[in-house]
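Input: a single structure, listed below in structure tokens.
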Amino acid sequence: MEEKNKNVRNKLFNVENLTLIAIVLGIISGVYLKDVVIHLKLVGDAFLNLLKMITIPLIFASIFVSIASLSSINDLKNLGLKALAYYFSTTFLAVLTGLLIVNIINFEPISNIGFSGTVEHKPFTLEALLKSFIPSNIFKSLSEGKVLHVIIFSMLFALAVLTLEKTKKELITNFFDGVNDAMLTMAKWIINLSPIGVFALISYIVAEKGLGAIISLWQYVLAVVIGLFIHAFINLPAIGFIIGRFNPYKYFLKVKEAILIAFSTSSSSATLPVSLEVAEKKAGIDKKVAGFVLPLGATVNMDGTALYEAVAVMFVASVYGIDLSLTQQIIIFFTASLAAIGAAGIPSAGLVTMTLVFSAVGIPLEGIALILVVDRFLDMLRTATNVWGDLIGAKLISKYISRD
Ligand code: ASP
């Protein structure tokens with residue numbers, strides 16, 4: 001009896017449930033205990049730093065191990081092409097969903113809306129996007145946390161190691177395999193702290209930003225939320241169900257800790273250690289697939305961001321009274337996808353790359369200031385959607401690879 005009670009208690013108060021409770025308590029205390037929780041920034045930052053601390057070594061090691069343990073270049077081509085096909089098709093699907101929602105909702109012109117804050121006008125261009133792929137100094141990129149650079153370097157490094165003689169190849173691969181496992185063990189320790197970290201992060205953000213702004217921009221917020229909801233709970237699960245032939249909702253329960261952390265940190269990169277841990281250890285996804293699809297996805301596959309970019313541009317255009325034609329919506333379709341691919345997995349990255357979409361359809365960049373007040377909250381939801389998209393991709397691709 002005693003044993004049974006203990007089991008029930010353990011099940012009820014596991015880390016995932018405690019994290020969920022922490023989010024709810026965080027929101028409540030952010031509203032009602034503003035003066036107290038505003039001092040929790042330090043705790044939230046400490047938690048975030050712990051995650052960030054292992055992200056770069058983990059990305060390096062997991063991409064390396066994933067490629068170095070493939071048996072041939074063909075295997076890499078197979079895995080890479082499947083991942084890219086998945087990233088692109090789901091990103092397009094997300095933007096399409098956003099555009100459809102906006103066309104159905106039809107924003108009413110808002111006259112009493114104010115601009116809040118200023119945005120840095122550093123236009124994000126296609127040229128900048130292309131340049132952002134190639135590192136000139138890998139140690140600088142590692143120390144500055146340039147995720148895409150690290151991924152590209154570690155891919156090339158792994159390919160080079162594949163050509164080495166057996167003893168050398170095994171030595172290096174075993175080394176990084178060990179690094180990978182040790183990082184995941186550290187991730188597990190950090191996950192145990194997540195109820196505290198998440199409570200601090202959420203309550204501070206709510207206390208600092210206040211929930212009031214959400215009401216004044218309710219139409220815009222609603223459009224983004226509905227769009228993200230449809231994408232996360234209908235589109236992506238349908239892909240898992242129909243193409244991957246697995247139950248996406250059962251899978252969601254296994255990996256939900258990563259989604260809660262994404263929501264709380266607004267950073268796909270900082271969530272990566274948790275995503276890798278739950279995917280490999282809880283959902284049993286092959287290391288080769290998870291180690292490749294998740295780190296790459298955390299920086300290039302951002303369905304939530306793509307959807308939000310499309311809705312945001314359409315909203316700001318309607319506030320300015322600019323009517324966007326079908327051709328312009330097609331331009332938005334492509335530029336929003338590019339802007340999402342180019343966004344780094346850090347808070348508010350989507351807001352910066354959005355200048356690409358604004359410029360493409362001729363909307364004043366100042367317009368971004370309109371949506372600034374609610375951005376941090378929408379960032380939580382879009383990051384959670386981004387990470388969920390990566391996790392569905394990992395499961396889907398692992399099924400196909402094992403079938404092959
Ligand atoms: N915060 C998002 C992420 O890390 C990117 C964005 O700002 O949309 O996935």
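Return a single number: how many Lys pairs in segment 245-404, at a sequence separation of 8 or more or on separate chains, have alpha-carbon atoms below 18 angstrom apart.
Within segment 245-404, the lysine pair count is 20.
Where does segment 258-310 land on Rg/Rh, using Cα atoms and the Kirkwood Rh?
Dividing the radius of gyration by the Kirkwood radius yields 1.00.
Distance from the Cα centre of segment 365-404 to that of segment 341-356, in angstrom?
Cα centroid to Cα centroid, the span is 12 Å.
Using a/c under 1.5 as the rounded threshold, could you call segment 197-331 rounded, prolate or oblate? The axes a ≥ b ≥ c are square roots of the C-alpha gyration tensor eigenvalues, and prolate needs a/b larger than b/c, oblate otherwise.
It comes out oblate by the Cα gyration axes.
Build a GNM of the chain with springs between Cα atoms under 10 Å: which of ILE230, ILE105, ILE23 gets the top mean-square fluctuation?
Maximum among the listed residues: ILE105.
Would you calculate the separation in nanometres between label points at GLU144 and GLN219, each defined as 7 Å from the Cα along the Cα-to-beta-carbon direction?
A separation of 4.1 nm, rounded to one decimal place.
Apply the a/c threshold of 1.5 to the C-alpha gyration tensor of segment 304-375 and tell me whether it is rounded, prolate or oblate.
Oblate is the answer for segment 304-375, as a/c is 1.5 or above yet b/c matches or exceeds a/b.
Return the Rg/Rh ratio of the chain with Cα-based radii and a Kirkwood Rh.
My calculation of the ratio gives 0.97.
Report the Rg/Rh value for segment 39-97, based on alpha-carbon coordinates and the Kirkwood definition of Rh.
1.21
Evaluate the charge dipole of the chain about its Cα centre and quote only its size in Debye, nearest 20, assuming +1 on the Cβ of each Lys and Arg and -1 on the Cβ of each Asp and Glu.
Rounded to the nearest 20 debye, it is 1040 debye.
Each value in this text was obtained by applying a stated rule to the coordinates, not by laboratory testing. Because the structure is a prediction, the values reported are computed rather than measured. Methodologically, a virtual Cβ is constructed for each residue, glycine included, from the backbone with ideal geometry; neighbour enumeration extends over all protein chains shown.
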